[in-house]
Structures are given as structure tokens and as C-alpha cells.
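The values are calculated or read from the model by the stated rules, or taken from the named source; none is laboratory data. Everything numeric in this text was worked out from a predicted model, so none of it was measured. Cβ sites come from the backbone with ideal geometry, for glycine too, and all protein chains shown count toward neighbours. We work out accessible area using only protein heavy atoms, side chains counted, and drop any ligands, DNA or RNA first. Shrake-Rupley method; radii C 1.70, N 1.55, O 1.52, S 1.80 Å.
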Amino acid sequence: MEITTREALNQALREEMQRDERVFIVGEDVAEYDGAYKVSRGLLKEFGPGRVMDTPISEEVIAGVGVGSALVGFRPVVEFMTVNFSLLAMDQIINHAAKWRYMSGGQFKVPVVFRMPGGAGLSLGAQHSHSLEAIFTHIPGLKVVAPGSPRDAKGLLKSAIRDDDPVIFLENEMLYNLKGEVPEGEYLIPLGLAEVKREGSDVTLIAYRRMLQMALMAADLLAKEGIEAEVVDPRTLRPLDLETLVKSVRKTGRAVVVHEGWARCGVGGDIANLLYGAAFDHLDAPIQVVSAVEVPMPYNQALEQAAIPSPEKVAAAARAVLSMAS
């Protein structure tokens, strides 16, 4: 069936709450308002205020509720209105959620999911529009998920809720209305498993979350020029399925990594570095990284679009690596 990413996430939450009474949702406006982006629509009516809970505007407290309840056996899904607001809860996420299992020698599990929408494109300004996945991917003890399609969003969220470690589940506001085929019935997508979204032989485009859609559109542009781009979606950034990425790069000999965050200390550079270490002898040209411009995200719509990757920018990077002598 074809549904939106919003509907796919809603299905995942409903199914997991029906399956396991330990699963509950907590966050700002998740109950009476059905969520800032309507992902939790209808869940308060079905499961009641004991399992779908509105909170005060205090991200550190919200995260603390998630961490504490996870430590005593629940499986909370914490929703932040935007990834930027998670900065107010970093002590709970990094100093507590990420470290309890390791510091206790495995005696404590922290099965909490932090859902965080983010990304640019809606003219929401610099404090509501960034992609901060590099921060979380840097932290051992956290798992980081970044789906780019409705099918992946549902399957990965269900797996994240069942995981015994804290999971940062990164959504994108511009993808909530994206429609795609989602299987009917129960299915899970394992964390740490990349997927080739489009087969190709000339260059590998590696992209996740909204940038996956940009890469697929870039591949369409390149195909009109006779260039066959292979598009690979990591889907999870920690753990990273490096094997699948390396296999594709060895096949094509060239790679472009696309991400919506900044270049310095970003996920794109990290993936490129890992590929250099694992597939250097198979590369026919330096890896290109397409990322956001090094500025706080502009509010102005034209400047905002200029600051983030586009299909045209991705296609240009692919042409650049193809033009380089081996």
C-alpha cells in the first residue's frame, strides 16, 4: 500500500504499543495535539493518557523521564519537536542514556527511542532547521537511525523500539508527506543494514534521510546523460553498514557522499574517511562530499535552498569525479 512517512511512523507506533504494553510516548504536544507533525494522531484516544503523555516545555526533563523509565523496564518513545531542541537534553542523552549499559557492565539496559525531526526547507530559521546527526553519531553507546522513505521509517522505528540500547531516530520534516510503498502486515528492518536503492555502474551516490531523495533525483539527471549512478542508503549511521558501501564503491570506482549537515567534522567526511581506509585501491578518483554551506541555516527561502544540497549539486559532484583521471 502507498502511504506517507507520517502515516508509516504512526502505524509503527500503534503496532508496537499494541504489541507491548511497556511502550509509551512522551513529549510536548504528543497527546491532545496529536504531535507537532501529527505523527501520534489518534494514539491518545486509543491508548489513553497513561501511555501518551504531554509534558511541560523542558527537554531535559522529557529525556530524563525516558531514560529513567527505560532503566526500570519500560520502552519509552521520547519526541522532541525538533532536533535542535535536543541540545537542551544532552546531559541525559550523552551522559546517561549512552553510558549506563557500559558503566554497569551490562547490568542495565536503556531501551529508549528519541524521535527528532530536523532538516531545512520550511523557512523555520536557524534554531529549527539543522541536521545534527554528526553529534550523536560521534557518541559510543547510542544508535543513530536516519530513514529516507516511508517503508524504511516504519520498519526501522519498530526495530528501534525493540532494541535494548538508546536509539536516536532522526526524521525530516520535508519527508512527512512523502508517499511510498509500505508492506502490509508485520515487518522489521534491522538496524545497521544499508540498502542499494538504485543499481548503477559508473559512480556511487551515498545518501540518507532527505538527501536520499536528492541523490535519486540526481541519478535521474545523470541517466539522461548516459551516466549510471548507483544510490546506496546507509539507513543507520551507528552502527554503519560499511561492507555494503564498500562493495558498491569497489564496483563503480567512484563515490559521492551527500548529507545535509555541515562538512567540518560531518558524517559525509567520516564516511569518506572509512571508505578510503577500506577501498582505497579500488578508487579511480577522490571521493566528493556534498553538504550544507558552513552557515547557520538562513530563514530566507532562496538562501535556505542555496545552503543545502540539491539534485543539481549532487549531479555536478558526480560529473566531477567522473572527469578525474584514474
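Numbers at a glance
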{"item": "Any hit, the range 254-262, residues being more than 22 Å from the chain's Cα centre (by Cα) and buried (at least 22 other Cβ atoms within 10 Å of the Cβ)", "result": "yes"}
{"item": "Residue within the range 298-321 that is in contact with a strand residue (DSSP E or B) (Cβ under 6 Å, 6 or more places away or on another chain) and within 16 Å of VAL246 (Cβ to Cβ) present", "result": "no"}
{"item": "In the range 276-326, the residues that are out of contact with any helix residue (DSSP H, G or I) (no Cβ under 8 Å at 6 or more places or on another chain) and open to solvent by less than 30 Å² (accessible area, probe 1.4 Å)", "result": "GLU304, ALA307, ILE308, ALA317, VAL321"}
{"item": "Residue tally, condition buried (at least 18 other Cβ atoms within 10 Å of the Cβ) and either within 21 Å of the chain's Cα centre (by Cα) or at positive phi (or both), over the range 25-75", "result": "16"}
{"item": "Pairs with Cβ under 6 Å, 6+ apart, first in the range 179-196 and in contact (Cβ under 8 Å) with a residue 24 or more places away in the chain and among the basic types (Lys, Arg), second open to solvent by 80 Å² or more (accessible area, probe 1.4 Å) and assigned to a loop (DSSP other than H, G, I, E, B)", "result": "none"}
{"item": "Those residues of the range 193-208 which are under 15 Å from ASP284 (Cα atoms) and either modelled with pLDDT under 95 or open to solvent by 10 Å² or more (accessible area, probe 1.4 Å) (or both), in sequence order", "result": "SER201, ASP202"}
{"item": "Restricting the range 113-144 to residues that are hydrophobic (A, V, I, L, M, F, W, C), touching an Asp or Glu at 6+ places or on another chain (Cβ under 9 Å) and open to solvent by less than 50 Å² (accessible area, probe 1.4 Å), the residue that is modelled with the lowest pLDDT", "result": "ALA120"}
{"item": "Subset of the range 269-294 (residues that are under 12 Å from LEU205 (Cα atoms) and either of a type in the set (S, T, N, Q) or in a loop (DSSP other than H, G, I, E, B) (or both))", "result": "ILE287, GLN288"}
{"item": "Pair list, Cβ under 6 Å, 6 or more apart: the range 264-279 residue within 16 Å of THR244 (Cα to Cα), other residue assigned to a helix (DSSP H, G or I)", "result": "LEU274/LEU242; LEU275/VAL249; ALA278/VAL246; ALA279/VAL246; ALA279/VAL249; ALA279/ARG250"}
{"item": "Residue in the range 171-194 that is farther than 30 Å from PHE114 by Cβ and out of contact with any Leu (no Cβ under 6 Å at 6 or more places or on another chain) present", "result": "no"}
{"item": "Members of the range 156-167 found to be open to solvent by less than 10 Å² (accessible area, probe 1.4 Å) and without any contact (Cβ under 8 Å) to a residue 60 or more places away in the chain, listed by number", "result": "ALA160, VAL167"}
{"item": "Criterion: in a loop (DSSP other than H, G, I, E, B) and in contact with a helix residue (DSSP H, G or I) (Cβ under 6 Å, 6 or more places away or on another chain) - qualifying residue of PRO183, PRO147", "result": "PRO147"}
